[in-house]
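The values are calculated or read from the model by the stated rules, or taken from the named source; none is laboratory data. Remember, predicted model here, so these are calculated numbers, not experimental data. All Cβ positions, even for glycine, are placed from backbone atoms using ideal geometry, and neighbour counts span all protein chains on display.
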Amino acid sequence: MFTSSRPAPPQTQTPPRWGAAHYLALLAVPLLAYEGWTLVTWLASDPHVVTKGRDVGSTSWWWAKALEVGAVTLAVTLLVQSIRDSRRSGEMTFDLKLWIALLMTSFWDSVTNVVQPIWFYSSNFVNLNEWWGHAPGFISPAGGHEPFPVVALVFLYPCFVLESRLANRAWAALARRRPEISTVQQLLAGLAMALVVGAGISMLFVLPHLWAGPGMGPMIIDTDSYRWSVAEFLYVGTWSTTICALRFFTNAKGQAITERGLDAMSPGKRALVSTLATTAWCSLAVIIYSSLVTVSGFHATSYPTDYPEHLPNVVCDIPGDPDTTGSAYGPCPGSPGFRIPLN
């Protein structure tokens, strides 16, 4: 048989195609750059503790301390477990990536106040004035005046690693019981569970007056002392479902969408890209859902007249409350004849 003496042409490898993980990681770069710029300029401005109305020794104050201790304890426990699992497997686990991503996502928590002060945290928390006064494009004159719970909130976000684990078990049990269930049905079932859990989490903060969204449009609870909005109810459940779905809906290799298509990379690069992608997934969920909540603020009703002083922190003029006159923002959303002031 005739054979050619010419050497075979070299085999060329087709470069791997970019997938969702690559694009999400790319999106994380400007998000983290924005976050870094804002935090650096905020720290350079010598942030201060907001003590206005702080009610030391009250039930609300002690409840704030309990939530802070609980959030730190749970978050650190989850971090230690994730690091141990990563060392055991020799590769960065999904839990560790998600923990880091959620920590970074806490930065965006109150971005919903970009136009109006529609969301408040109590000064009973360990806090510093929020960084939004130094964020490019943040147009509300109240930006930088409200307290941000730097212990409770920063550590609360990584605690959703636990919720994702529990949701994963619930979804898996549902799939075993009903093998024919569709992805949409699974998501709806998860959303129903998340709305219940989210409502419970909200009540841990709403009832002791530790957070409130009085400017968030239509309300479920609407009294002189308490506000709990439809927007908050839907936001907490929808966002947590989005985070939990990232963990549960994996491919045949057990990879989340933020981990797929990276097998050709070295372990270090793979860990970096997938962590960035996970960060983008979590952060974009907050930004997108918060923008919808922000829109609800354009239909705000009048603020309650019986909030404790440690909650609204006098960032806007509450109708009927002379002590809040002359605030940084002006009349609160929902006030008679209200017009949005812009920086």
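Being touching a Pro at 6+ places or on another chain (Cβ under 6 Å), touching a residue at least 24 places away in the same chain (Cβ under 8 Å) and crowded, with 18+ Cβ neighbours inside 10 Å is a property that holds for V315. As a summary of the residue check, H310 satisfies the conditions (1) buried (at least 20 other Cβ atoms within 10 Å of the Cβ); (2) out of contact with any His (no Cβ under 6 Å at 6 or more places or on another chain); (3) under 21 Å from V114 (Cα atoms); (4) in contact (Cβ under 8 Å) with a residue 24 or more places away in the chain except for the one numbered (3). Whether a residue is closer than 13 Å to F94 by Cβ and either among the charged types (D, E, K, R) or in a loop (DSSP other than H, G, I, E, B) (or both) was assessed, and K269 does not pass this test.
Given the options L272, L292, name the one that is closer than 30 Å to Q185 by Cβ and out of contact with any Cys (no Cβ under 7 Å at 6 or more places or on another chain). Among L272, L292, only L292 is closer than 30 Å to Q185 by Cβ and out of contact with any Cys (no Cβ under 7 Å at 6 or more places or on another chain).
Only a single item in (1) under 18 Å from E91 (Cβ atoms); (2) surrounded by 23 or more Cβ atoms within 10 Å (Cβ to Cβ); (3) small (G, A, S) is not met by A280, and it is number (1). One residue is enough: does the range 215-230 have a residue meeting the conditions of a type outside the set (K, R) and under 20 Å from E163 (Cα atoms)? No, the conditions are met nowhere in the range 215-230. In the range 153-164, is there at least one residue being surrounded by fewer than 17 Cβ atoms within 10 Å (Cβ to Cβ) and either of a type in the set (V, I, T) or free of Cβ contacts under 8 Å to residues at least 12 places away in the same chain (or both)? No; the residues of the range 153-164 include none that is surrounded by fewer than 17 Cβ atoms within 10 Å (Cβ to Cβ) and either of a type in the set (V, I, T) or free of Cβ contacts under 8 Å to residues at least 12 places away in the same chain (or both). For P214, the conditions (1) in a helix (DSSP H, G or I); (2) in contact (Cβ under 8 Å) with a residue 60 or more places away in the chain; (3) of a type outside the set (F, W, Y) all hold with the exception of (1).
Test D55 against the criterion of being at pLDDT 90 or above, on the phi > 0 side of the Ramachandran plot and out of contact with any Pro (no Cβ under 6 Å at 6 or more places or on another chain), and give yes or no.
Answer is no for this residue.
Filtering the range 288-333 to residues that are touching a Phe, Trp or Tyr at 6+ places or on another chain (Cβ under 6 Å) and in a helix (DSSP H, G or I) leaves Y289, V293. Determine which member of the set V236, V286, V273 is crowded, with 17+ Cβ neighbours inside 10 Å, out of contact with any strand residue (DSSP E or B) (no Cβ under 9 Å at 6 or more places or on another chain) and either acidic (D, E) or farther than 30 Å from W119 by Cα (or both). Result of the check over V236, V286, V273: V273. Only a single item in (1) under 26 Å from Q81 (Cβ atoms); (2) surrounded by 13 or more Cβ atoms within 10 Å (Cβ to Cβ) is not met by G200, and it is number (2).
Among the candidates P218, P179, P267, the residue that is loosely packed, with under 13 Cβ neighbours inside 10 Å and closer than 30 Å to P333 by Cβ is uniquely P218.
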